[in-house]
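Below is one structure, written out as structure tokens; the observations come after it.
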Amino acid sequence: MGTFIVAGNRSDVPVGGMVAVNLEGTVVLLANIGGTIYAINNKCPHLGGNLSRGTLNGTVVTCPVHGSQFDVTTGKNVRWLKGTSIINSLGRLLKAPSDVMTYTVKIDGNQILVEV
């Protein structure tokens with residue numbers, strides 16, 4: 001079992017927004033979905049893009065490097081290799097990225113605590 005670390009305040013992550021925080025060397029993406037804070041690893045497991053530089057649509061964050069998408073509530077990979085038909089054809093030959101690591105979040109008053 002890990003240690004819970006203060007990752008910021010609830011007000012740091014507006015509803016529908018996301019922010020990256022460095023927690024003792026681990027960069028975590030915090031996302032506020034309907035008032036609930038979720039935490040996933042900020043690094044895309046496929047090509048290492050910073051997910052915090054991507055876009056959040058509902059519960060899905062899109063990697064800015066190659067378009068892979070991950071559900072921030074579960075960490076599951078929901079789509080990968082967005083682009084032209086050539087990229088999509090190559091994508092069938094390549095292995096899909098793994099899911100992104102998730103972290104347990106607790107709220108203590110206004111503080112966001114993440115277990116790392």
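Here, each number is a calculation from the coordinates, and none is a lab measurement. Quantities reported herein were computed from a predicted structural model and do not represent experimental measurements.
Structure notes:
- Shape call, the chain: gyration tensor on alpha carbons, a/c limit 1.5: prolate
- Extension gain, Arg53 back to Gln111 (0.36 nm per residue minus Cα-Cα distance, nm): 18.5 nm
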